[in-house]
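Asks: Have a look at this one before I ask anything.
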Amino acid sequence: MDRDQILAWVRAERLSLADFFAELDEHEWGVRSLCPDWTVHEVLAHVTLSSTDTIWGTFVGIIRARGDWNRMNTDQARNHAARFTSSELIEQLRESAGSARRSPGASPLDPLVDMLIHGQDVARPLGRVRAVPAEQGCAALDHVLRSPFYGARKRLRGIRLTARDTEWTGGNGPTEVSGPLSDLLLVATGRTAGLAALTGPGVEQLTTAL
């Protein structure tokens, strides 16, 4: 896939997500997101870090977290959130929107997945709707299914996903699960919040896997 196109998608999603955050009320910042360790404010802090991570910073962070990647991400987001106000973090996200820098080891599509999925992580607990653009969402889902990072291969073993709101199918299993693109992206990345909108004989198996 063309990297310039991916960068354009990432930039657009970062700016759109910044606009989303700018509309939030004060009480919404402390709401727990779909990432159970993070509030909405801390998710914002996390998405500002993806274009500033360095190999050295990651090395130090992983040592401090005793080799636990998830703990490192959690700690870094919380620390960054504690240092800056929501307005300052929104400005950081806007300023870095066009950056091509990625976290060490990340592919060009990982920042796109990050923006799309974390947009859902904050919108849904707030009762807000955040649409997933069809072309970008399909590319993100294809990447999630291929990448070992997200655990989708094990989670979706034997399951074929089909989007009901656009032309997309992924996975080669015999058991089908269908639903909106955004909800398929949620379950592919391990979020149970997408299950309610899904139908098909594979839903029970997927529920157990999550």
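Asks: Going by the structure shown, is Ala45 of a type outside the set (Asp, Glu), part of a helix (DSSP H, G or I), modelled with pLDDT of 95 or more and over 19 Å from the mean Cα position of the chain (by Cα)?
Replies: Judged against the criteria, Ala45 is not a match.
Asks: Can I ask one more? For the stretch 154-206, give me each residue that is assigned to a loop (DSSP other than H, G, I, E, B), farther than 19 Å from Pro36 by Cβ and open to solvent by less than 70 Å² (accessible area, probe 1.4 Å).
Replies: Leu156, Gly158, Thr166, Trp168, Gly171, Gly173, Pro180, Leu198, Gly200, Gly202
Asks: Right, here's the next one. Which of the residues that make up the stretch 136-153 are assigned to a helix (DSSP H, G or I) and either touching a Lys or Arg at 6+ places or on another chain (Cβ under 8 Å) or without any contact (Cβ under 8 Å) to a residue 40 or more places away in the chain (or both)?
Replies: Asp142, His143, Leu145, Arg146, Ala152, Arg153
Asks: Still on this structure: Can you go through Gln76, Gln92 and tell me which one is assigned to a helix (DSSP H, G or I), at pLDDT 95 or above and open to solvent by 30 Å² or more (accessible area, probe 1.4 Å)?
Replies: Just a single option satisfies the conditions, and that option is Gln92.
Asks: Can you tell me how many residues within the stretch 96-106 are surrounded by 14 or more Cβ atoms within 10 Å (Cβ to Cβ) and touching a Phe, Trp or Tyr at 6+ places or on another chain (Cβ under 9 Å)?
Replies: Qualifying residue count, the stretch 96-106: 1.
Asks: Here is a further query. Residues in the stretch 1-42 that are among the aliphatic types (A, V, I, L, M) and assigned to a loop (DSSP other than H, G, I, E, B): how many?
Replies: Within the stretch 1-42, residues that are among the aliphatic types (A, V, I, L, M) and assigned to a loop (DSSP other than H, G, I, E, B) number 4.
The values are calculated or read from the model by the stated rules, or taken from the named source; none is laboratory data. None of the values given here were measured: they were computed from a predicted structure. Methodologically, a virtual Cβ is constructed for each residue, glycine included, from the backbone with ideal geometry; neighbour enumeration extends over all protein chains shown. Ligands, DNA and RNA are stripped out before the accessible areas are found, and what is left, the full protein with its side chains, is counted by its heavy atoms. Shrake-Rupley method; radii C 1.70, N 1.55, O 1.52, S 1.80 Å.
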